[in-house]
Amino acid sequence: AWYQHRRRLQERLESRDALRRAAAELDQRIAQRTEELTAANQAIATKYAKLQQTESLLRSTQDELVQAGKLAMLGQMAAGVTHELNQPLAAIRAFADNSVKFLARGQQAQVAENLQHISSASAHMGRIIGQLKGFARKSGDAPVAVDLRQAIEASVLLLSGDFEKQGVEVRIELREAVHVTGDVVRTEQVLINLLRNALDAVEEAPRKCVCVLLEVDHVQRQAVLRIRDSGTGIADEVAPHLFEPFFTTKSSSKGLGLGLAISSSIVQAMNGQLSAHNHEQGGAEFVVRLPLLKTEN
Ligand SMILES: Nc1ncnc2c1ncn2[C@@H]1O[C@H](COP(=O)(O)OP(=O)(O)O)[C@@H](O)[C@H]1O
Ligand SMILES: [Mg+2]
């Protein structure tokens, strides 16, 4: 009996030791896990801070890119605009010179007519200049209602000289009045980029035609703007790089490769999407989708 008692005591002591050891081990493991978790937490916090840094860097780079692209485009446009302004300017001068002669001869009626021509030629110049003013401006302005029909008409007007010169037919189909929220100047910048690309695309085409279509997707509550051309379409090897900044297939005097990169960032900033595909009947089609102005929903 004594012996049995002794053995039970021994067993009890042993199991108590084992329990203590297990508890100590558990404590140690908890301490270790806590340490690991704290370290992991810190690593995440550091990574997050870095992510935020990168994000703000990207954002400012994008802003700079947009601004740089605007200036580059202004340069590109300068040549075309110089031509556009020179024509009415030459006309004004001719009418003015003539008027002097008419005045000397006392031909009042002709003078009046010439003054009328001078007035309308300078109004035309004013319209062109008015379109350009916005481009040099840094726009971070509050969003306003943008009338897409007006934006399309203004952009086409600005390029009408080029369309005419290259013998390109422009077809505009505006089904409904459509308003979106954003910036008028930037919206026109997107349109001009797309129209300019379409112009370049049809340069060598047998049939030169650019079609602008504006419609409303009532389900998605989006304005849908399509710019389609009768060119050769987007080449397979070009498609993956289309929206990359500085990607261009044009000569350096013609293309900077910024147009689509900037346009897509502008459209994205307006909560929309810019996409491109080849039309089944040939030629490229660029599609701009922008959320409708809230009050029109
Ligand atoms: N309408 C189009 N049809 C075919 N290819 C196009 C069209 N628009 C753009 N591209 C292709 O995408 C490239 C990039 O366009 P973009 O960013 O506007 O730069 P850029 O016009 O200065 O070359 C063009 O060089 C051209 O190869
Ligand atoms: Mg371009």
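If you go through region 166-173 one residue at a time, do you hit one that is crowded, with 19+ Cβ neighbours inside 10 Å and touching a Leu at 6+ places or on another chain (Cβ under 7 Å)? Break it down stepwise before answering.
The initial filter retains those residues of region 166-173 that are crowded, with 19+ Cβ neighbours inside 10 Å, namely 168.
Next, from what is left, pick out any that are touching a Leu at 6+ places or on another chain (Cβ under 7 Å): 168.
Yes: region 166-173 contains one or more residues that are crowded, with 19+ Cβ neighbours inside 10 Å and touching a Leu at 6+ places or on another chain (Cβ under 7 Å).
Determine which member of the set THR232, THR248 is β-branched (Val, Ile, Thr), within 12 Å of ligand 2 (Cβ to nearest atom) and assigned by TED's automatic domain parsing to the domain that holds GLY283. It would help to see each step written out before you state the result.
Details: THR232 fails: within 12 Å of ligand 2 (Cβ to nearest atom).
Checking each option against the conditions leaves just THR248.
Consider VAL185 carefully, then state whether it is among the β-branched types (Val, Ile, Thr) and within 24 Å of LEU58 (Cα to Cα). Reasoning before the result, please.
On the way: among the β-branched types (Val, Ile, Thr): yes; within 24 Å of LEU58 (Cα to Cα): yes.
Against the criterion (among the β-branched types (Val, Ile, Thr) and within 24 Å of LEU58 (Cα to Cα)), VAL185 qualifies.
Any idea how many residues of region 206-227 are more than 16 Å from ligand 2 (Cβ to nearest atom) and free of Cβ contacts under 8 Å to residues at least 60 places away in the same chain?
Total satisfying the criteria: 9.
Looking at region 228-264, which of its residues are in contact (Cβ under 8 Å) with a residue 60 or more places away in the chain, under 21 Å from PRO291 (Cα atoms) and more than 7 Å from ligand 1 (Cβ to nearest atom)?
Passing the criteria: ILE262, SER263.
Is region 270-289 home to any residue that is more than 15 Å from ligand 2 (Cβ to nearest atom), free of Cβ contacts under 8 Å to residues at least 12 places away in the same chain, within 22 Å of ARG207 (Cα to Cα) and not hydroxyl-bearing (Ser, Thr, Tyr)?
So far as region 270-289 goes, yes, one or more of its residues are more than 15 Å from ligand 2 (Cβ to nearest atom), free of Cβ contacts under 8 Å to residues at least 12 places away in the same chain, within 22 Å of ARG207 (Cα to Cα) and not hydroxyl-bearing (Ser, Thr, Tyr).
Looking at region 156-168, is at least one residue in a strand (DSSP E or B) and within 14 Å of ligand 1 (Cβ to nearest atom)? Steps first, answer last, please.
From region 156-168, those in a strand (DSSP E or B) are none; that's our starting set.
No; the residues of region 156-168 include none that is in a strand (DSSP E or B) and within 14 Å of ligand 1 (Cβ to nearest atom).
The values are calculated or read from the model by the stated rules, or taken from the named source; none is laboratory data. Just so it is clear, the model here is predicted, and its values are computed rather than measured. Quick reminder, even Gly has a Cβ in these numbers, built from the backbone with ideal geometry, and neighbours come from all protein chains shown.
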